[in-house]
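The values are calculated or read from the model by the stated rules, or taken from the named source; none is laboratory data. Just so it is clear, the model here is predicted, and its values are computed rather than measured. Because the Cβ atoms are built from the backbone with ideal geometry, glycine has one as well, and the counts that use them run over all protein chains shown.
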Amino acid sequence: MLLAVLRRGRAMVSTVSVPSVEKAEAIGVKCAFLFITPKAPVINRLAGTIDLGEIQPLIGGEFACGISQHAVGKILLFVGQP
């Protein structure tokens, strides 16, 4: 459960699936679903906040491109050697 990695009082915004508000409330966190169409300026701004350490994404795994894997969190795909 992704919500379980959050500290009490924190929040998670999912762009993948609708999180369970009931489960979030039970562990003292907030959650929301945001439907977006990715746009380069928005992705670049998000990357900047990550580079500055203002937000820290949960990385569930790093895999070579073409290898099918499942992980909790975002997956980094490498072209060539990781």
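Listed values, structure above:
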read-out: Scan of the range 1-38 for residues that are closer than 18 Å to Q56 by Cβ and touching a helix residue (DSSP H, G or I) at 6+ places or on another chain (Cβ under 7 Å), ordered by number; value: L3, M12, V29, K30, C31
read-out: Subset tally (residues that are under 24 Å from L3 (Cβ atoms) and at pLDDT below 85) for the range 20-41; value: 4
read-out: So G66, is it exposed (fewer than 10 other Cβ atoms within 10 Å of the Cβ), at pLDDT 80 or above and on the phi > 0 side of the Ramachandran plot; value: no
read-out: In the range 1-19, residue nearest to L34 (Cα to Cα) [restricted to those that are in contact with a strand residue (DSSP E or B) (Cβ under 8 Å, 6 or more places away or on another chain) and at pLDDT below 80]; value: T15
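Matching residues to (1) in contact (Cβ under 8 Å) with a residue 12 or more places away in the chain; (2) in a loop (DSSP other than H, G, I, E, B); (3) loosely packed, with under 11 Cβ neighbours inside 10 Å:
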| residue | (1), (2), (3) |
| --- | --- |
| R8 | yes, yes, yes |
| V16 | no, yes, yes |
| A24 | yes, no, no |
| G28 | yes, yes, no |
| T37 | no, yes, yes |
| V42 | no, no, no |
| L46 | no, no, no |
